[in-house]
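Down below is the structure, laid out as structure tokens.
The values are calculated or read from the model by the stated rules, or taken from the named source; none is laboratory data. What you are looking at is a predicted structure, and each value in this text was computed from that prediction instead of being measured. Please note: Cβ atoms are built from the backbone with ideal geometry, for glycine as well, and neighbour counts cover all protein chains shown. Just the protein is used for accessible areas: all its heavy atoms, side chains included, with ligands, DNA and RNA removed. Shrake-Rupley method; radii C 1.70, N 1.55, O 1.52, S 1.80 Å.
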Amino acid sequence: MGKKVKKEVETPPKDVFDPLLIESKTPATVVLMLSSPETEILAKACDALYKYASKDDENKVTLLGLGALEHLHKLISHEDPIVRRNAIMVFGIMASHHDVKKLLRELDVTNPLISQLAPDEDVVIHEFATLCLAHMAVEYTTKVKIFEEGGLEPLIRLLGSPDPDVKKNSVECIYLLVQDFQNRAAVRELNVIPPLLELLESEYPVIQSLALQTLEIITKDRETRIILGENNGLDCLLKILETNEFSDLHVETLAVLGNCLEDVHTLQLIQQTGGLKKLLSFLGVSTLPDIQKNAAKAIAKAAYDSDIRKILNEEEVEKCLLNLLETDQDEVKVAVSQAISAMCENVGSKCALGLQGIPQLVQLLSSDNEEVKEAAVTALASLTAASRGNASAVAEAEGIEPLVNTLNAQRDGAIVSAIAALINLAMQEPSCVSTQSHDIMSALAESLCSTNSQVQSRAAFAVATFGCDAVARTELRDAGGLGPLVELLHSKNEEVRRNACWAVAVCANDEITAVELCRLG
């Protein structure tokens, strides 16, 4: 913060006064001069302090210790415009220091600073007042103060300032303020969208970036997304994606568009204008992991709505996801697998994704990364749920052995999903027989000992599913699985107890197991 987007602001012209006379004095002497009744001395003293504070943080602390801020506090509302300007410049430059910010809050400078944002005020005053507010708006209490004292309206007005530093400081301040929910609604009412979209045309990347970050936060609200669409904001964002020179802004642009995907109304708008096709083709050619990951996350989040899933399926989002699954980056694989799971709720998507995606997902089960493994096995569980075709495809892709191996994963979520996928496969008799030949019961015996109720419940359900075979029951008995199964009958979780009861009933079908179960109580 505080990095200037244009050249340093010029100090007062030499013909007004000569600050060198004062700069030769000690900081303590200059601070004493702030009590002078003469405006010329006040202006020169403030100018000297600005130069002194600009040098380093140590000088800021020195001035803080000398009580400079208390004197300057009185001068930021001084009737003389040069005194006022120079005092605010010192505030702006010093406010980057943590201890200074603390004292500024105690001095309650928010209101005097906001009053300096009037349209007819000097542009340098605008610059340093907004800089000071941007430094202070990091703190929640200041956010509340700026809101309560009507600071949002002048800050939004200053987004249209001809001065790039004023624009940069104002948008940075608004970005910090909208982290707070009530400010998001307030800036929407104050029509913040048009000036933010104008900032996307700025020649300064830092301003464009801050505008996009602000848009990302405020478009989390549905009403703001609608206003963005009405102001042709979606076109602006897509244009950035289509422009190679703006590649450093693509991740942030995608984050805003990702929010827009969550809203059926906005998504239809993007689809009607051909924007969704453009967006998906952009993802198809992008090689940046951050873009790939964020796009997949946005699709996953949006796909929880059935109408949105339908639109995404119409635009063949599945092709895009399957392409992204071939990446080398683990974090992208995780995000894409999660998006596949979410899209599986759509029957058309489930068929399209299963066809090509299953062999790739089966390979990911052998990953050393536990998060990748969990995301991939969860996608396989979703793909094989109530889908005979996809269940057969997993078996054909030699997925049974890696699924059984996943029962030893470190993450409980991966174990739950692996059991779910194996149960889905067991609905096909050839797959059920094949699964039993991979020592499934020995693996389930371990899962029954888990402390996680979801794992316990799924494992008991799987025992009931695979325990219809005498060999499987023997395997469970030999693996010491009956003891933990009987323990689960005492579980506080109703679903665990119900599935354990069913498993016990199935296992009791042969005499040896029934006797052993009775012996175990």
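Hey, any hits in the stretch 111-122 for a residue that's under 33 Å from the mean Cα position of the chain (by Cα) and among the acidic types (Asp, Glu)? Checked the stretch 111-122: no residue is under 33 Å from the mean Cα position of the chain (by Cα) and among the acidic types (Asp, Glu).
Residues of the stretch 200-218 that are open to solvent by less than 50 Å² (accessible area, probe 1.4 Å) and over 15 Å from VAL256 (Cα atoms): SER202, ILE207. Number of residues in the stretch 319-343 that are in contact with a Ser or Thr (Cβ under 7 Å, 6 or more places away or on another chain) and open to solvent by 10 Å² or more (accessible area, probe 1.4 Å): the value is 2. Among the residues of the stretch 219-267, those identified as open to solvent by 30 Å² or more (accessible area, probe 1.4 Å), of a type in the set (Lys, Arg) and closer than 19 Å to TYR304 by Cβ are LYS220, ARG222.
Pairs are defined by a Cβ separation below 7 Å, a sequence spacing of at least 6 or placement on different chains, a first member in the stretch 459-472 that is closer than 12 Å to CYS432 by Cβ, and a second member that is charged (D, E, K, R); the pairs so defined are GLY467/ARG473. Restrict the check to the stretch 203-221 and report whether at least one residue is part of a helix (DSSP H, G or I), among the basic types (Lys, Arg) and under 22 Å from the mean Cα position of the chain (by Cα). Looking for residues that are part of a helix (DSSP H, G or I), among the basic types (Lys, Arg) and under 22 Å from the mean Cα position of the chain (by Cα), one finds none in the stretch 203-221, hence no. If GLU374 satisfies all but one of (1) acidic (Asp, Glu); (2) over 28 Å from the mean Cα position of the chain (by Cα); (3) crowded, with 20+ Cβ neighbours inside 10 Å, what's the number of the condition it fails? Going through (1) acidic (Asp, Glu); (2) over 28 Å from the mean Cα position of the chain (by Cα); (3) crowded, with 20+ Cβ neighbours inside 10 Å one by one, GLU374 breaks only (2).
Of all the listed residues (SER442, SER450), the sole one being free of Cβ contacts under 8 Å to residues at least 60 places away in the same chain, open to solvent by less than 50 Å² (accessible area, probe 1.4 Å), in a loop (DSSP other than H, G, I, E, B) and more than 18 Å from LEU365 (Cα to Cα) is SER450. Comparison of GLY413, GLY399 shows that the only residue that is within 16 Å of LEU380 (Cβ to Cβ), crowded, with 20+ Cβ neighbours inside 10 Å and not aromatic (Phe, Trp, Tyr) is GLY399.
Scan the stretch 271-282 for residues that are surrounded by fewer than 21 Cβ atoms within 10 Å (Cβ to Cβ) and touching a residue at least 24 places away in the same chain (Cβ under 8 Å) and the total you get is 7.
Among (1) under 22 Å from SER457 (Cβ atoms); (2) out of contact with any Gly (no Cβ under 8 Å at 6 or more places or on another chain), where does PRO430 come up short? All conditions pass for PRO430, except number (1). Annotation: ALA462 fulfils all but one of (1) hydrophobic (A, V, I, L, M, F, W, C); (2) in the same structural domain as GLU374 (by the TED database); (3) buried (at least 22 other Cβ atoms within 10 Å of the Cβ); the unmet one is (2). Only residues that are over 20 Å from the mean Cα position of the chain (by Cα) and surrounded by fewer than 24 Cβ atoms within 10 Å (Cβ to Cβ): list them for the stretch 166-184, please. Within the stretch 166-184, none qualify.
Report yes if some residue within the stretch 61-71 is open to solvent by less than 70 Å² (accessible area, probe 1.4 Å), closer than 24 Å to ILE114 by Cα, not charged (D, E, K, R) and not in a helix (DSSP H, G or I); otherwise report no. Scanning the stretch 61-71, I find at least one residue that is open to solvent by less than 70 Å² (accessible area, probe 1.4 Å), closer than 24 Å to ILE114 by Cα, not charged (D, E, K, R) and not in a helix (DSSP H, G or I), so the answer is yes. The C-beta contact set for the stretch 57-75 (first residue among the β-branched types (Val, Ile, Thr), second residue in a helix (DSSP H, G or I), distance under 7 angstrom, 6+ apart or interchain) comprises VAL61/ASP99; THR62/PRO27. For the stretch 146-160, the set of residues classified as of a type in the set (A, V, I, L, M, F, W, C) and open to solvent by less than 60 Å² (accessible area, probe 1.4 Å) consists of ILE146, LEU152, LEU155, ILE156, LEU158, LEU159, listed by residue number. If the condition is being open to solvent by 60 Å² or more (accessible area, probe 1.4 Å) and of a type outside the set (A, V, I, L, M, F, W, C), then the stretch 494-521 contributes GLU494, GLU495, ARG497, ARG498, ASN509, GLU511, ARG519, GLY521.
Annotation note: Cβ proximity below 8 Å between a residue of the stretch 254-267 that is of a type outside the set (Lys, Arg) and a residue that is open to solvent by 10 Å² or more (accessible area, probe 1.4 Å) and not in a helix (DSSP H, G or I) (sequence gap 6+ or interchain) occurs for ASN259/LYS220; GLU262/ASP305; VAL264/ASP305.
Looking only at the stretch 97-105, decide whether some residue is open to solvent by 40 Å² or more (accessible area, probe 1.4 Å), within 22 Å of GLU153 (Cα to Cα) and in a helix (DSSP H, G or I). Checking the stretch 97-105: at least one residue is open to solvent by 40 Å² or more (accessible area, probe 1.4 Å), within 22 Å of GLU153 (Cα to Cα) and in a helix (DSSP H, G or I).
Scanning the stretch 80-107 for residues that are more than 22 Å from MET33 (Cβ to Cβ) and in contact (Cβ under 8 Å) with a residue 60 or more places away in the chain yields a single hit, SER96.
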